[in-house]
1. Contact list please: Cβ distance under 6 Å, first residue in the range A:107-136 and more than 7 Å from every other protein chain (Cβ to nearest Cβ), second residue of a type in the set (D, E, K, R) and surrounded by fewer than 18 Cβ atoms within 10 Å (Cβ to Cβ), pairs at least six apart or on different chains.
2. Might you check whether a residue that is within 16 Å of ligand 3 (Cβ to nearest atom), open to solvent by less than 20 Å² (accessible area, probe 1.4 Å) and either not hydrophobic (A, V, I, L, M, F, W, C) or not in a helix (DSSP H, G or I) (or both) occurs anywhere in the range A:132-148?
3. Name the pairs whose Cβ atoms lie under 9 Å apart, with the first residue in the range B:282-310 and closer than 18 Å to B:Pro235 by Cα and more than 14 Å from chain A (Cβ to nearest Cβ), the second open to solvent by less than 30 Å² (accessible area, probe 1.4 Å) and modelled with pLDDT of 85 or more, and 6 or more positions between them or separate chains?
4. Within the range B:151-170, take every residue that is surrounded by 14 or more Cβ atoms within 10 Å (Cβ to Cβ) and of a type in the set (A, V, I, L, M) and give me the one that is modelled with the highest pLDDT.
5. Output the number of residues of the range A:228-243 satisfying the condition of being open to solvent by less than 10 Å² (accessible area, probe 1.4 Å) and more than 15 Å from A:Val122 (Cα to Cα).
6. Starting from residues that are closer than 14 Å to A:Met121 by Cα and either in contact with a strand residue (DSSP E or B) (Cβ under 7 Å, 6 or more places away or on another chain) or basic (Lys, Arg) (or both), keep the ones in the range A:170-193 and report whichever is most open to solvent (accessible area, probe 1.4 Å).
7. Please work out which one of (1) within 16 Å of ligand 1 (Cβ to nearest atom); (2) buried (at least 22 other Cβ atoms within 10 Å of the Cβ) is the condition A:Met127 fails and give its number.
8. Looking only at the range B:216-229, count how many residues are facing chain A (nearest Cβ under 7 Å) and surrounded by fewer than 22 Cβ atoms within 10 Å (Cβ to Cβ).
Amino acid sequence: MSQRHHTSGHHTSGHHTSGHRAPDAGRAPLLVVDDLRTEIHTPRGDMKAVDGVSLTLDAGETLGIVGESGSGKSVLGRTIMGLYTTGSTMTVSGRVLVDGADVHALTAAARRELWGTGVGMVFQDPMTALNPVKKIGLHLTESLRGHGGLSRAAARARAEELLRLVGIPEPARRLDQYPHELSGGMRQRVVIAMALANSPKLLIADEPTTALDVTVQKQILDLLGRLQDELGMAIILVSHNLQVVAGRADRVAVMYAGRIVELAAADALFAAPRHPYTEALLASVPRLHHPPHSRLEAIGGAPPDMVAPPPGCRFAPRCRYAREDCRQASPVLGPEPGPGGGPENGPGNGREAARVSGSEPGGEGARVFACHHPVRPVTAGGS
Amino acid sequence: MAWSVLKRLAEIAAVLFVVSVGTFALVDLTPGDPAITVLGEGHTAEEYAALRDEMGLNDPFLVRYGSWLGSALHGDLGTSLIPPNSDVTERIAAALPVSAEVAVLGLAMALVVSIPLAMWSAYHADGRVDRIVGAGTFGILSVPSFLAGLLIIMVFSNQLGWFPRAEWVRLGESLGDNLHHAFLPALTIALAETAMFTRILRGDLITTLQEDFILAARAKGMSPVRVLFSDALRPSSFSLITLLGISLGRLIGSTVIVEYLFALPGMGTLIIGSADKGDFPMVQGAVLVVALIYVLANALIDLSYGYLDPRIRRAHV
Ligand SMILES: Nc1ncnc2c1ncn2[C@@H]1O[C@H](COP(=O)(O)OP(=O)(O)OP(=O)(O)O)[C@@H](O)[C@H]1O
Ligand code: SF4
Ligand SMILES: [Mg+2]
């Protein structure tokens, strides 16, 4: 059920509407994800939904995570929060540090405290992310009263302020309305307000605009950018649509089959993808010079079964650059190999490499990818 | 809004009308002669005929129905055919509170137990507690209520001697004594209802817990208990509420077995006893009252859907 959304927005790579990366040498990153693995136990077997992801995020930075449907973006986002759906059992290994605190080692109560105050989440579908039987006001005030310790009146006043902050007209009246009385865009603003209630340092926005129509999409993304400027929080912007991330993320991680296959500064990634999957994703994005509704170059084939992923490179069956060695050895996430050394020779799981990209001084330029035969960077500029 | 309330009332009236015609027609449809019921065997045909005439049984159906309904609307349901020929309305007024109290008490007990039980089961679906609850409720449902009642009497009344059996103390006489006597019958009722409520609510809760808004509530840092009560329970309780309405009507009208076991002077006993003796006015009156309660209970349930889900509110009331 992969779907593509056409947006009216242009490919605005290079134009930063949000995000101030402050590569403060010596300061620990806000978020460290270290070799994170999430296995979901299904009747068919263990599904490796997230399979060894490492990344870092600085305060105030925006990281885009893109990939096809089913690549594990949502599971990654939830595992970073330590938020599991009830009813399914899963095993998590690796570490997630938020502000130095190991999310998965926290007690349940401490983790709730973290969710209440440190990390917020915006969900994909505003139609389902709000409880249909609860008034807007209660959605906002309950966490304010619980974690913020506000009185009833103070919580209500703050809720009204939050609604105003996310650009909802007549906020006082909205507090007493039910979700179904609001439009989709307004509801997503409420969901954002909910995530912002206790001023999180990190906001995980999981496809915040996918369910919205085109004009509203841009408004919501602009709103997130404005809020980031005002509140200085870091954002993980998850999308299967590169357009959404373009121009809004400082860095972009491309996910395929539970792994990061390429991670680089947004401009560099869009200008010259190195991983064949990134290239294919870019080719499937509608561009300005395409006539409207022209057929896009979709990526042929389907992602692998994550219960029993194929050996070697997981993208090999769909990759136009694939060679024999791709099916033998799994490529390791790492920087461009220097002369004489190929990434395929290096053991390990990409941990070190990801750390390079995140915290190296001037790390914006650092790029890592996992491919034996990367796409040649374009040297001569062609239009 | 006013229009839909009127519509609702008209529906209730229509249902009651059909039920009243049905119960009244019982006299004509069931075998047995009311005159024989009154006089007993061994009288002359003329004597029976004269009595039938006097009772108006020879009048056309509509005339008889009309006069019965007319009196019923004024609260007069006639008199019993059986000596001491007591007033039907009075007998019902004595029996109804007994059934109603035991039913309400039993349902309340069932709710108090089943809601937390279902929550725990659903939150830890397929966990140990859930499996025990699943097997336990299944077991309870497969035990017939007379057997459960007998067991309860044996344990709590005969063995432990904690509760009396086979007596009834009116609510007005002594609240403590009344509750003491009502407890075991209510418990007998509650057993099967708890099992049913738990299973229904668990299923609906599991569905609700998959919803995004539950994840969103948890992502805000709400505690599981808070999420269950504040976010999950209400959207999950439609089937439960529906079942509750059906149970309430059923328990008030037809808990014959429990009433028999505990010798409760309730509605079930009244209806069965009267039907057995051919006491038509008593049966008609009692069935009409039970139907009225059934219809009102379900109207109340319908209204509560609007409370449960604001999206229905505009459509319904
Ligand atoms: N609770 C769950 N139980 C079983 N499988 C799950 C569960 N959640 C996710 N999965 C599976 O894990 C894989 C990754 O899912 P995930 O939702 O993270 O993908 P995604 O990249 O967010 O896709 P989309 O763009 O459709 O949101 C999918 O194959 C999905 O079917
Ligand atoms: S490793 Fe081989 S198959 Fe995999 S992406 Fe690179 S070229 Fe393609
Ligand atoms: Mg997703």
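The values are calculated or read from the model by the stated rules, or taken from the named source; none is laboratory data. The model shown is predicted, which means the values in this text are computed figures rather than measured ones. Because the Cβ atoms are built from the backbone with ideal geometry, glycine has one as well, and the counts that use them run over all protein chains shown. SASA here: full protein model, heavy atoms, side chains in, ligands and nucleic acids out. Shrake-Rupley method; radii C 1.70, N 1.55, O 1.52, S 1.80 Å.
1. A:Lys135/A:Asp176
2. Checked against the condition, which is being within 16 Å of ligand 3 (Cβ to nearest atom), open to solvent by less than 20 Å² (accessible area, probe 1.4 Å) and either not hydrophobic (A, V, I, L, M, F, W, C) or not in a helix (DSSP H, G or I) (or both), the range A:132-148 yields no hits at all.
3. B:Leu300/B:Gly245; B:Ile301/B:Gly245; B:Asp302/B:Gly245
4. Only one residue fits best here, namely B:Ile152.
5. Number of matching residues: 1.
6. Filtering the range A:170-193 for residues that are closer than 14 Å to A:Met121 by Cα and either in contact with a strand residue (DSSP E or B) (Cβ under 7 Å, 6 or more places away or on another chain) or basic (Lys, Arg) (or both), the one most open to solvent (accessible area, probe 1.4 Å) comes out as A:Arg189.
7. It fails just one condition, (2).
8. 1
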